[in-house]
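The values are calculated or read from the model by the stated rules, or taken from the named source; none is laboratory data. The structure displayed is predicted, hence computed values, not measured ones. Note: ideal-geometry Cβ built from the backbone for every residue, glycine included; neighbour counts use all protein chains shown. Keep in mind that these areas ignore ligands, DNA and RNA; they rest on the heavy atoms of the full protein, side chains included. Shrake-Rupley method; radii C 1.70, N 1.55, O 1.52, S 1.80 Å.
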Amino acid sequence: MSEGFVDLHLHSTRSDGSSTPTEVVERAAGLGLEVISLTDHDSVEGVEEARAAGDRLGVGVVAGAELSAHLDKRDVHILAYFIDPTHEPLKSCLQMYRDERQNRAARIVKKLNQMGVRITFEQVLAKAEGGAIGRPHVADVLVEEGFCFSPNDAFGKYLAYGKPAYESKYVMEPAEAVEVIHDAGGIAVIAHPALYGDDELLPQLAADGVDGIEVFHIKHNAGSVDRYSNFARENGLLISGGSDCHGDGRGDAVMGKVAVARSVYDALEEGWRARLSA
Ligand code: AMP
Ligand code: ZN
Ligand code: FE
Ligand code: FE
C-alpha cells in the first residue's frame, strides 16, 4: 500500500499568500494531499473557511499559524499546530501582532517616502486585503509602481534585514510564543531552521519549550534534513514539514513539492495527544 502525503506549512490571503483558504484546500485536494495545515503569519482567521472546504473535499485541515518571535534580534518563526482557533487569548494576541504589523508597514512606507520612493500606505493596505500585512505586500506595490523589478529585488534593495527601509516588528520572546500556543491547546514547532543561518539558536529554542522542529521545507536540502532530523532525535522533538507555499501570485506555487509522508503527520498528532494528556 502506498503512503499518502501531507503539507503542513501553507499561507493564504489571510496573511501574505495569494490564494484564499478555500483555493489552498482545492489545490491540496487536486494534488491528492491527505492532510494540510493552514499556517498564516500571525493569524488563525482562515482556518474555519479551510476546514469547511476540507470537509467538502476530503482533506484533513489542521488549525495552524506561524508566529514571529525574536531571538538575539533575529526573526525566528514558530509554527503552531492543533491550536483552538476560537481561543480568545490566542486570538487577541494575534490581533495585537497584526495591529503591530500595520504600524510597522506604515513606518516602512514612511522610510521609503523619505528616500523618494513614492508609494502610499493605502496601496499597501489594499494589497493585504484585510489579512496580516507583511513586507511582501509592500514589495508588490514597489513592483507595481515600477520601483523594483521583482519582489526579490524589493527585498534586496529596501525591505530585507539591514536594508534602508527595514523595520522590525515586535519583540516577543520565543518562550512567550510557546506559552501562547500551549495555552491554546497546541504544539509549537521551530519553522525552517535552515533559513536562520545559525544552528546555535536551536538549543535555546529547545530550552524555550518548543515541541518540534520543521525538518522538511522547500529551502532545506538533504544535508539540512539530516541535520535537523538528528537534532530532533537528540532533543526529543517532534518532526514536521511542509512547502511554505504562498500561492502562484507570490513566486511559484510549491504546494506538495516537498514530500512529507503521512506518517510524519501521524507522529506529530500522536505527540500532540500525548502532550495534552501529560
Ligand atoms: P514579514 O512577515 O513582513 O516580516 O515578511 C516576511 C515574509 O516575506 C516571509 O514569510 C516571506 O514570505 C517573504 N520574503 C522574505 N524574504 C523574501 C525575498 N527575498 N523575496 C520575496 N519574499 C521574501
Ligand atoms: Zn510569508
Ligand atoms: Fe516563515
Ligand atoms: Fe511560512
Exercise. Just by accessible area at a 1.4 angstrom probe, what is the order of 149, 155, 5, 82 from largest to smallest?
Worked result: 149, 5, 155, 82
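What pairs in 73/127; 127/169; 111/169; 111/157; 169/257; 110/157 have C-alpha atoms more than 24 Å from each other?
In this structure, 73/127; 169/257 exceed 24 Å between Cα atoms.
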Exercise. Arranged from highest to lowest average of other beta-carbon atoms within 10 Å per residue, in what order do the peptides 92-104, 42-54 appear?
Worked result: 42-54, 92-104
Problem set entry | Gap separating the Cα centres of the range 216-272 and the range 90-142, nearest whole Å | 29 Å
For this session: Given the peptides 248-257, 8-17, 56-65, arrange them by the average over their residues of other C-beta atoms within 10 Å, most packed first.
Result: 8-17, 56-65, 248-257
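I need the peptides 23-31, 187-195 ranked by packing, meaning the mean over residues of other C-beta atoms within 10 angstrom, with the highest value on top.
187-195, 23-31
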Exercise. Tell me, in nm to one decimal, what length is gained between residue 153 and residue 198 on full extension, where the rule is 0.36 nm per residue of separation less the Cα-Cα distance?
Worked result: 13.8 nm
Seminar exercise, completed: Taking Cα pairs closer than 8 Å and at least 6 residues apart, the relative contact order of the range 161-278 in percent is 20 percent
Exercise. Summing Lys, Arg as +1 and Asp, Glu as -1, what charge do residues with Cβ under 9 Å from the Cβ of residue 97 carry, residue 97 excluded?
Worked result: 0
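Assign unit charges at the C-beta atoms only (+1 for Lys and Arg, -1 for Asp and Glu), then state the dipole size of the range 74-192 relative to its Cα centre in Debye, rounded to the nearest 20.
Charge dipole of the range 74-192: 580 debye, to the nearest 20.
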For this session: For the range 13-66, state what percent of all Cα-Cα pairs lands in each successive 5 Å bin, counting from 0 Å until the bin that includes the largest distance.
Result: 5, 26, 35, 24, 10, 1
Exercise. Of 86, 22, 39, which has the most accessible area with a 1.4 Å probe, and how do the rest follow in descending order?
Worked result: 86, 22, 39
Problem set entry | Enclosed volume per residue, in Å³, of the convex hull spanned by Cα atoms of the range 95-159 | 69 Å³
Exercise. If one puts a single equal scatterer on every Cα of the chain and applies the Debye formula without solvent, what log₁₀ I(q)/I(0) results at q = 0.08, 0.14, 0.15, 0.17 Å⁻¹?
Worked result: -0.31, -0.98, -1.13, -1.44
For this session: Could you work out the per residue convex hull volume over the alpha carbons of the range 83-211, in cubic angstrom?
Result: 114 Å³
Seminar exercise, completed: Diffusion coefficient in µm²/s returned for the range 160-276 by Stokes-Einstein, Kirkwood Rh over C-alpha pairs, 4 °C and 1.567 mPa s, is 83 µm²/s
Exercise. What's the carbon and sulfur percent of the chain's accessible surface, probe 1.4 angstrom, rounded to a whole number?
Worked result: 49 percent
Seminar exercise, completed: Over the chain, with neighbouring protein chains present, the accessible area per residue in Å² at probe 1.4 Å is 44 Å²
Exercise. How big is the charge dipole of the chain about its Cα centre, in debye rounded to the nearest 20, if each Lys and Arg gets +1 on its Cβ and each Asp and Glu gets -1 on its Cβ?
Worked result: 800 debye
Exercise. Could you list log10 I(q)/I(0) for the range 133-175 at q = 0.19, 0.22, 0.29 Å⁻¹, which the Debye formula gives when each Cα is one point scatterer?
Worked result: -0.55, -0.68, -0.98
Exercise. Taking springs between alpha-carbon atoms closer than 10 angstrom, which of 241, 185, 156 fluctuates most in the Gaussian network model of the chain?
Worked result: 156
For this session: Mind computing the radius of gyration and Dmax over the alpha-carbon atoms of the range 191-258? Å is fine for both.
Result: 12.6, 39
Exercise. Taking a spot 7 Å from the Cα of residue 143 along the direction of its beta carbon, which residues of the range 12-47 have an amide N less than 15 Å from it?
Worked result: 16-19
